[in-house]
Amino acid sequence: MTLSRRDLLKAGLATATWPSLGRAANRGKPKSRVIVIGAGFGGATCAKYLRTLSPTTEVLLIERRSSFLTGPFSNLVLAGLRSAESVTFNTETIGAAHGVKTLVDEVIVLDPVKLSVTTANSGSFTADRIVVAPGVAMRWGMIEGLDATNSATMPHAWTGDGQVLELRDRLDAVPDGGTVLIGAPANPYRCPPGPYERASLIAFLLSRSGRKNCKIIIADAKDDFTKRALFMLEWDALYPDMIEWLPRAQGGEVVRVDTSTGEVWLRGAEKPIVTHLASIVPPQQAAELATSSDLADESGWCPINPADFESKKHPGVHVLGDATIAAPVPKSAFAANSQAKLCASAVAARLNGWPAPEPRLLNTCYSFVSDTQAISVSAFYGAVDGRISVLSDGVSPLTGDTALRELEAEQAKAWYVSITADSFGLPHAE
Ligand SMILES: Cc1cc2nc3c(=O)[nH]c(=O)nc-3n(C[C@H](O)[C@H](O)[C@H](O)COP(=O)(O)OP(=O)(O)OC[C@H]3O[C@@H](n4cnc5c(N)ncnc54)[C@H](O)[C@@H]3O)c2cc1C
């Protein structure tokens, strides 16, 4: 039997030549090579800063999607406050903006010992280090009746794809007096305030379009959530009687759905809630690539050394962003961007024999509660003895001060422009 080069590549027995693309090709012979997988907030930022900090390192960025919608501001798209285009980014454009070699392809095998990757269509590549920022996957099988094939019927809209548009369009059909149910997962999951910002902005949309008699139920698999007092204060002021939060202790956890009828069963309830629209955000874990390449532990998430985000399971591989175990740092775009800069500095230092950087991380999560008002939580973190700890933190005051909320909404918009410019190269206009 003769094996074709493609067969050999698939079996990981041949190594493809690194693609020669863009400005990065003109920088002389590289002294080291790093592959970055995933061009989201973690991967794209890391690729950019690696190239900037270590000019003798050749960086290959591999992303399976040609374009994607960002999680941040996707709830504004649902409420008709932003266009989908304004939160959509193109992978090739990101690579060109950062001057890194970029492949739109899926990594199907990552060998964390040989430090090699095999892609679906472009062959295999080896590197001195691999950075993996693959995001999250849904943990199917935890909610009866909900799986990957039918979840678009109760769109989670949590991974920056067509479900965001599906959910936006389905909101138009909710009648006044209708019931919208948001299923919020147990911790840990991507974007802790996301379900509650979504409830706020759906309430804004429904009330602005003459549907004040709708009910929004947040069926929660936990008993508390970030910025709870602030969200509830604003819900009472802005959308009286529209939003009902059902914590786990009051039977809030979604255990079963019927996607054909819109019925949702909560734990212990005899009868289902009949919804006009349900957005069920399932429990989550690190994306498939992290689990299939032995980077995740039994929790489903990837243990890392917080000094440089190197995998605790496989030296030479670094994991960033939502896929990691980095609590108390939340799974946010801001945090992924901050982790990426630390990781890029640490990898550049190792490859060039420089001193390791001081591990510091930052996060701010803004949440819109209406078209013009937002609240936020921020923290500054350090890593001591292999553990991440909060050095200082803060949250918007519980005063109901409208001017302050409006100022925070403007700050949130400025943050979005600056983080997308930093991570993806070019900011989008509103
Ligand atoms: C509704 C919502 C609102 C949000 N709001 C905010 C907010 O206001 N502020 C904030 O800071 N964060 C917010 N977030 C969270 C933010 O979106 C995530 O924390 C962030 O995207 C994580 O970045 P990441 O790089 O880890 O993952 P991602 O951004 O998901 O990037 C991972 C990339 O890896 C690619 N990939 C995966 N597997 C492979 C493979 N095998 N081969 C090639 N490519 C692969 C994926 O296609 C994906 O593009 C929000 C999220 C949601 C859902």
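The values are calculated or read from the model by the stated rules, or taken from the named source; none is laboratory data. Owing to the predicted nature of the structure, the values given are computational and were not obtained by experimental measurement. Note: ideal-geometry Cβ built from the backbone for every residue, glycine included; neighbour counts use all protein chains shown. These accessible areas exclude ligands, DNA and RNA; they are computed on the full protein's heavy atoms, side chains included. Shrake-Rupley method; radii C 1.70, N 1.55, O 1.52, S 1.80 Å.
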query = Any idea which residue in the range 148-172 is least open to solvent (accessible area, probe 1.4 Å), counting only those that are away from the ligand (no atom under 14 Å from the Cβ) and in contact with a strand residue (DSSP E or B) (Cβ under 6 Å, 6 or more places away or on another chain)?
reply = M154
remark   = By residue number, the members of the range 95-123 that are among the β-branched types (V, I, T) and either within 10 Å of the ligand (Cβ to nearest atom) or more than 24 Å from K48 (Cβ to Cβ) (or both) are V104, V107, I108, V109, V113, V117, T118, T119
inquiry  = Restricting to the range 38-83, and then to whatever is under 18 Å from D422 (Cα atoms) and among the β-branched types (V, I, T), can you tell me which residue is farthest from the ligand (Cβ to nearest atom)?
reply    = T52
ask   = Does Q285 satisfy the condition of being free of Cβ contacts under 8 Å to residues at least 12 places away in the same chain and either closer than 28 Å to A412 by Cα or not assigned by TED's automatic domain parsing to the domain that holds S332 (or both)?
value = no
note = Of the listed residues (G71, G40), the one being touching a Cys at 6+ places or on another chain (Cβ under 7 Å) and either free of Cβ contacts under 8 Å to residues at least 12 places away in the same chain or over 15 Å from G99 (Cβ atoms) (or both) is G71
request  = Return yes or no: is I130 assigned by TED's automatic domain parsing to the domain that holds S66 and either closer than 23 Å to E106 by Cβ or touching a residue at least 40 places away in the same chain (Cβ under 8 Å) (or both)?
outcome  = yes
ask   = Mind checking which residues of the range 187-219 are within 16 Å of the ligand (Cβ to nearest atom) and open to solvent by 10 Å² or more (accessible area, probe 1.4 Å)?
value = N187, P188, R190, C191, P192, E197, F204, L205
remark   = Within the range 239-255, residues over 22 Å from S200 (Cβ atoms) and either assigned to a loop (DSSP other than H, G, I, E, B) or within 25 Å of the chain's Cα centre (by Cα) (or both) come out as G251, V255
task = State whether one or more residues within the range 126-136 are buried (at least 17 other Cβ atoms within 10 Å of the Cβ) and touching an Asp or Glu at 6+ places or on another chain (Cβ under 7 Å).
result = yes
request  = Count, please, the residues in the range 108-121 that happen to be farther than 21 Å from F68 by Cα and part of a loop (DSSP other than H, G, I, E, B).
outcome  = 4
message = Can you find, within the range 366-398, the residue that is nearest to the ligand (Cβ to nearest atom) among those that are among the charged types (D, E, K, R) and farther than 16 Å from S200 by Cβ?
response = D393
request  = For A421, work out the one condition from (1) open to solvent by 60 Å² or more (accessible area, probe 1.4 Å); (2) under 25 Å from A344 (Cα atoms); (3) free of Cβ contacts under 8 Å to residues at least 12 places away in the same chain it doesn't fulfil.
outcome  = (1)
key: Residue in the range 220-238 that is open to solvent by less than 20 Å² (accessible area, probe 1.4 Å), among the aliphatic types (A, V, I, L, M) and either more than 28 Å from G135 (Cβ to Cβ) or in a strand (DSSP E or B) (or both) present   = no
note = Being in a loop (DSSP other than H, G, I, E, B), open to solvent by 10 Å² or more (accessible area, probe 1.4 Å), more than 24 Å from V281 (Cβ to Cβ) and out of contact with any helix residue (DSSP H, G or I) (no Cβ under 9 Å at 6 or more places or on another chain) narrows G177, G141 down to just G177
